[in-house]
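Just below is one structure, and these are the notes that go with it.
The values are calculated or read from the model by the stated rules, or taken from the named source; none is laboratory data. From a predicted model like this one, the values you see are computed outputs, not experimental measurements. Note that each Cβ is placed from the backbone with ideal geometry, even for glycine, and that neighbours are counted across all protein chains shown. Calculation scope for accessible area: heavy atoms of the full protein, side chains included, ligands and nucleic acids excluded. Shrake-Rupley method; radii C 1.70, N 1.55, O 1.52, S 1.80 Å.
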Amino acid sequence: MFKILDRYIIKTFFGPFFFIFSVLFFIFIVNIVWIQLGQFMGKGLTTLQIMKLLFYLGVNVVSMVLPLTILLASIMSFGEFGERYELAAMKAAGISLTRVMMPLLGVVTLMAIILYFFSNNIIPDFQRKAKNMLFNIAQTKPALNFTPGQFIDQIPGYMVKFDKIEGEDGRKLEGIFIHKKASTFENQQSIVAEKGKFVTPANKNYLQLVLYNGYVFEDSYAGKAENVRLKQPDQAIKFDTLVSHFDISEIINKAIEQERITEDYRFQTFNELFTTIDKTRKDNTKLTENVGNEVLSQTSSVVSYMDKNKAKAPVKSQYKFDTIKKDKKLEMIYNAHSRLDNLKSTLDSKDEELKPSVKYFNKVVIYQQRIISYSFTCIIFFMIGASLGSIIRKGGMGVPVIVAIVIFIVFYVINVGFENVAWSGKMSPYLAAWLPNIILFPFGVLMTYKALTDSQLFDSEKYKAFFKPLTKLFVKDKEHKRYQ
């Protein structure tokens with residue numbers, strides 16, 4: 001009997017599970033498309049390349065989709081049991097809610113274990129493929145980030161515009177305008193050409209552009225007096241062919257998120273991350289010691305300067321500031337203030353210097369801990385979903401979806417909020433990774449207790465009766481028509 005019942009419960013659960021997982025996975029993929037698609041469409045990439053890249057990036061969302069799917073499927077399946085009075089029939093037959101939940105708890109536990117191995121072994125591999133593909137696109141698709149007819153400033157130090165971008169890989173150009181960004185004391189330079197083309201150089205960190213039939217306009221008197229500028233305001237050089245090289249190493253680094261392609265922590269397993277964490281901790285400790293020594297040295301020089309000036313005056317007049325001449329007073333005040341101001345600037349700059357290192361260390365720790373914590377989230381979400389479903393007793397896509405979305409939003413806000421706090425160094429990254437589970441676990445236990453005791457948590461009539469004495473104070477009793 002119990003085997004038949006267990007199969008029925010599991011079958012009822014997996015019905016909405018597969019449907020919800022497909023829908024949520026599609027929604028998360030659409031979100032990635034919405035963010036990434038504008039960078040690739042019309043830039044010489046094939047549809048297959050775009051789909052492959054989006055798939056590689058989309059595999060990472062499984063760790064977030066699975067807990068939400070378990071939450072929603074649990075609420076819907078147990079809500080259907082309650083709506084069809086199957087839970088009442090099971091209880092009448094002597095089968096407790098705990099026994100009904102046991103087969104699904106085993107299934108969800110198995111899913112949590114699978115999610116751990118998936119996050120530990122498969123996701124890092126797909127992350128590596130995605131980042132390598134982004135790296136290759138940045139190298140082999142020079143027109144990747146250019147839009148015809150628009151000024152683009154993604155090449156460091158330059159503002160460019162191409163009227164037309166043609167060719168199989170978007171290499172042929174027409175109507176070219178290139179302006180070099182220069183400071184006040186640098187030469188202003190602009191290049192205008194009728195046609196041009198991208199050429200793949202030997203050094204992949206550079207973008208080679210061959211220009212035809214154009215002019216180079218250069219103002220070599222930038223930053224000089226106006227009378228000097230009037231003598232020769234600018235120069236124009238005509239050319240038939242001009243080869244220009246642009247340093248795009250920053251673009252490539254940005255495409256792989258400032259990480260060496262083989263050393264990104266997201267490419268590592270749970271155990272491998274321990275080595276990265278230890279190395280990062282040692283580097284941060286060494287950097288902190290160096291910064292501390294620099295600040296201590298500068299602080300000592302400021303104190304020495306003040307003590308030196310203080311010792312120059314006679315002992316009896318050291319604190320008689322009014323007896324010092326006005327110019328000397330101003331000089332002493334200015335020097336002291338200047339040194340203190342420099343010290344403050346140094347402290348602020350060193351603090352900013354330490355922030356990236358602290359943030360990187362915390363990101364690595366949080367990423368490692370979430371490989372495990374998201375698996376426990378699956379079990380907690382099942383406890384909450386199964387309990388709420390048996391209490392609400394509503395199946396379908398109505399109330400269960402709303403309740404599940406609210407719970408997930410709360411979880412997501414807590415997750416992201418504590419993550420940002422940890423990145424700033426104000427909270428332990430270990431605590432930040434586990435705190436959402438720590439907060440939701442007591443709620444799951446409470447909901448399970450309420451479900452086991454047949455609580456009428458969502459019964460509106462119960463709340464109306466509770467607030468009835470209060471509502472009577474504001475509602476006037478109507479007389480029966482018979483007595484009017």
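Tell me yes or no: at least one residue of the stretch 220-238 is at pLDDT 80 or above, closer than 30 Å to VAL192 by Cβ and in contact with a Gly (Cβ under 8 Å, 6 or more places away or on another chain).
There is at least one residue in the stretch 220-238 that is at pLDDT 80 or above, closer than 30 Å to VAL192 by Cβ and in contact with a Gly (Cβ under 8 Å, 6 or more places away or on another chain).
What about PHE382, is it under 17 Å from ASN437 (Cα atoms), open to solvent by less than 40 Å² (accessible area, probe 1.4 Å) and at pLDDT 85 or above?
In short, yes.
List pairs: first residue in the stretch 432-449 and farther than 14 Å from MET383 by Cβ, second residue basic (Lys, Arg) and at pLDDT 90 or above anywhere in the structure, Cβ distance under 7 angstrom, at least six positions apart or on different chains.
ALA433/ARG370
Going through the stretch 182-197 one residue at a time, which ones are modelled with pLDDT under 85 and out of contact with any Asp or Glu (no Cβ under 8 Å at 6 or more places or on another chain)? Let's see the steps before the verdict.
Our first condition is that a residue be modelled with pLDDT under 85; within the stretch 182-197, this holds for 182-189.
The answer is ALA182, SER183, THR184, PHE185, GLU186.
Quick check: anything in the stretch 391-403 free of Cβ contacts under 8 Å to residues at least 24 places away in the same chain and outside any loop (DSSP other than H, G, I, E, B)?
Yes, the stretch 391-403 contains a residue that is free of Cβ contacts under 8 Å to residues at least 24 places away in the same chain and outside any loop (DSSP other than H, G, I, E, B).
Kindly establish whether ILE414 is free of Cβ contacts under 8 Å to residues at least 24 places away in the same chain and surrounded by fewer than 19 Cβ atoms within 10 Å (Cβ to Cβ). Working first, answer last.
Details: free of Cβ contacts under 8 Å to residues at least 24 places away in the same chain: no; surrounded by fewer than 19 Cβ atoms within 10 Å (Cβ to Cβ): yes.
Taking the combined requirement at face value, the residue does not satisfy it.
Restricting the first residue to the stretch 147-160 and requiring it to be at pLDDT below 75, which pairs with a second residue that is not aromatic (Phe, Trp, Tyr) meet a Cβ separation below 6 Å and a spacing of at least six or different chains?
Short answer, once both residue conditions are applied: ASP153/MET159; GLN154/ASN145; PRO156/GLU250.
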